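Q: Sharing a structure here in structure tokens format.
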Amino acid sequence: MIDIDALNILADNIDRHAFRRGYVSAFTLTAFPTETDEELSIHVTRESEGLVYGNAEVGTADAFKACIDALDGKVDFIVYDIDLQFEIIRPDNTMICPMSKSVLLAYRDLDVWVSSVKYTMLSLVKNLKHKKCVLVNSAKCHSGLGEMLRDGIKGIVAELAVIDSDENNSGVFSVADIIIGGAVYTPVIEKNHVIECGDDTLIVDAGIGTITTEASDFARQKGMKILRVDNRAAMAGTLISIIQSHDLVNRVMGEGEIDGVPVVAGGIIGAPGTVIVDSIHQPSEVIGIADGTGKVRYKPSNDIERERIEKVRNWILDNGNG
């Protein structure tokens, strides 16, 4: 049963909160990380610098539509997880439900989990690049988090051993500085693993619920630190990146002409000699000259390029943008 009243109250609260603070507002619609019969689970609304955001896990298209109906026009951006198990955008680019005011954007929630683990470890563990890490997964868990953690962590530690919890892994844990549980909602770190560890080994519960009760009790008795990763910082950072990328694509990126001079902005690779400006829609500054391969030359190499830069700068000044 979808609580429509609760959704409407939530949407109104986010709208008022963002308006009072003068902040951008966003709401993420995320896939449940494991199979469930739940249709909808609403989470706490949070605030970051310049941003108010909420989150709900949705399991059905009906729940997604109910969220859109409640949130459209109440938040600036509705951001959906591409791992949702139903179609959001049809092949003809129409939505499964109409939106008129909020902007719909996409992200992948598992990327947030991985970023949380990486940057928490980098902040918490000194000299991380010299540490040995064991990532414990399970063949029974098919969320994909374990594989993504493997790829995300291997570049920031000295050694990374990736193991399955059901296999015989005797001896692996005795040399580990860090143990990471990477199976979502699946207990994979057991007491016999912790027994092998040194007292200063860090246990990171990346998949939430990856350590058994017996293992966590024993680890605390040994004085080991057990960390459940908190996604709020990575979520706020991801939303800001998504929103700014949307702004870049829609307000900055493009190519055209200014007073007969070819110009590009926002990452478009221009032909050699094209003038690069800071925004195609509201140019206020000349960045440099394109070399045709994606690099920028900050000084003109001939009279033609000097003339082009001068014409664009004069146009910007004449139009009040500079």
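The values are calculated or read from the model by the stated rules, or taken from the named source; none is laboratory data. Keep in mind it's a predicted model, so treat the numbers as computed, not measured. Note that we place each Cβ from the backbone using ideal geometry, even for glycine, and neighbour counts take in every protein chain shown.
Q: Any idea which of Ser174, Ser143 is small (Gly, Ala, Ser), touching a residue at least 24 places away in the same chain (Cβ under 8 Å) and not in a helix (DSSP H, G or I)?
A: Every option except Ser143 fails the conditions.
Q: For the subset of the range 121-140 comprising residues that are touching a helix residue (DSSP H, G or I) at 6+ places or on another chain (Cβ under 8 Å) and not in a strand (DSSP E or B), which member is modelled with the lowest pLDDT?
A: Ser138
Q: May I ask you to say which residue of Ile78, Ile88, Ile96, Ile82 is in contact with a Leu (Cβ under 9 Å, 6 or more places away or on another chain), farther than 24 Å from Val204 by Cα, of a type outside the set (Asp, Glu) and modelled with pLDDT under 95?
A: Among Ile78, Ile88, Ile96, Ile82, only Ile88 is in contact with a Leu (Cβ under 9 Å, 6 or more places away or on another chain), farther than 24 Å from Val204 by Cα, of a type outside the set (Asp, Glu) and modelled with pLDDT under 95.
Q: Here's something else I'd like to know. Can Asn55 be described as crowded, with 18+ Cβ neighbours inside 10 Å and modelled with pLDDT of 90 or more?
A: Judged against the criteria, Asn55 is a match.
Q: Please find, among Gly223, Gly237, the residue that is of a type in the set (Gly, Ala, Ser), farther than 16 Å from Pro187 by Cβ and not assigned by TED's automatic domain parsing to the domain that holds Pro187.
A: Among Gly223, Gly237, only Gly237 is of a type in the set (Gly, Ala, Ser), farther than 16 Å from Pro187 by Cβ and not assigned by TED's automatic domain parsing to the domain that holds Pro187.
Q: Okay, next question. May I ask you to list the residues in the range 146-171 that are touching a Leu at 6+ places or on another chain (Cβ under 8 Å) and part of a loop (DSSP other than H, G, I, E, B)?
A: Lys154, Ile156, Val157
Q: Quick one: Gly207 ticks every box in (1) under 30 Å from the mean Cα position of the chain (by Cα); (2) buried (at least 19 other Cβ atoms within 10 Å of the Cβ); (3) among the small types (Gly, Ala, Ser); (4) in a helix (DSSP H, G or I) bar one, so which box is it?
A: Of everything listed in (1) under 30 Å from the mean Cα position of the chain (by Cα); (2) buried (at least 19 other Cβ atoms within 10 Å of the Cβ); (3) among the small types (Gly, Ala, Ser); (4) in a helix (DSSP H, G or I), Gly207 misses just condition (4).
Q: What is the number of the single condition among (1) touching a helix residue (DSSP H, G or I) at 6+ places or on another chain (Cβ under 6 Å); (2) farther than 20 Å from Asn137 by Cβ; (3) among the hydrophobic types (A, V, I, L, M, F, W, C) that Val184 does not meet?
A: Answer for Val184: the failing condition is (2).
Q: Now a separate question. Identify, from the list Ile9, Ile2, the residue that is surrounded by fewer than 17 Cβ atoms within 10 Å (Cβ to Cβ) and touching a residue at least 12 places away in the same chain (Cβ under 8 Å).
A: Only one candidate qualifies: Ile2.
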